[in-house]
Amino acid sequence: MINLKPHHVNYAVRIHELASDPLVADALGLINQTLENRLEFIQKMQQSEKEGTTCSRLVFHNYQMIGVTTLMYIDQQKKSCHLGSWLGVPYWGRGYNERAKCEILKIAFDTYGLERVFLGARTQNLRSQAAQQKLPYLRQHVMHDYPEEHQFLEEKEQQPCILNVVEKDDFYAFLNIAR
């Protein structure tokens, strides 16, 4: 079972432990991060959530924190945001990422009233792309449909990226079929 919980400084050591694995750190672009950086990250997430621009959650499986999933750049005018997530290496390939994304998407659509959530990935990050392709409610390669979002992502990442989207109606249509 997957549960999402708000960030808390009590989990800084666990975040640091999981995110320090080179396979995670490289994918996230985290170089030489310290425990202090993790504490700053938690404080930033908490402040951004108060401002309404971010909703970041710790991912738990069986009471064990296994990763992070985040709604970023929440834009109430556009009714959209971007989604980023990562799991610690020991939890890869077990379906936890898909379940965590499902839970954070419910927050995006129900709590924030958004209509679409963008998922991007660096073109060289094949693992992230493969994880996104497993989402049956995802519309892939929407770079031409949303050129501004694609440009924003590539400028943020400073490298070529792909862009996908989850639309609220598609997500809930899938959940109704899956129930």
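The values are calculated or read from the model by the stated rules, or taken from the named source; none is laboratory data. Keep in mind that this is a model prediction, so the values were computed, not measured. For neighbour counting, all protein chains shown are included, and Cβ atoms are generated from backbone atoms with ideal geometry for every residue, glycine included. Keep in mind that these areas ignore ligands, DNA and RNA; they rest on the heavy atoms of the full protein, side chains included. Shrake-Rupley method; radii C 1.70, N 1.55, O 1.52, S 1.80 Å.
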Descending semi-axes in whole angstrom, ellipsoid equivalent of the range 87-179, from the Cα gyration tensor: 22, 18, 11
So for the range 135-179, averaging the separation of alpha carbon pairs under 8 Å that are six or more residues apart and normalising by length, what relative contact order in percent results? 50 percent
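Got a number for carbon plus sulfur as a percent of the range 1-126's accessible area, 1.4 Å probe?
The C+S portion of the solvent-accessible surface of the range 1-126 is 50 percent.
Quick check: net charge around ALA27, other residues with Cβ under 14 Å of its Cβ, Lys/Arg +1 and Asp/Glu -1? Walk me through the numbers on the way to the answer.
On the way: positive: ARG122, ARG127; negative: ASP21, ASP26, GLU157.
Taking every other residue near ALA27 into account, the sum is -1.
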Can you grab the distance from the C-alpha centre of the range 93-135 to the C-alpha centre of the range 1-61, Å, no decimals? 17 Å
Per residue of the chain, what 222 nm ellipticity follows from adding -39500 (n - 2.57) for every DSSP H run with n ≥ 4, rounded to the nearest 500? -12000 deg cm²/dmol
To the nearest Å², the heavy-atom accessible area per residue of the chain with 1.4 Å probe amounts to 54 Å²
Cα-Cα over 22 Å: which of LYS50/LYS78; LYS5/LYS156; LYS5/LYS134? LYS5/LYS156; LYS5/LYS134
Cleavage-rule hits (chymotrypsin sites (Phe, Trp or Tyr not before Pro)) in the range 1-72: DSSP loop, at most 16 neighbouring Cβ within 10 angstrom: TYR63
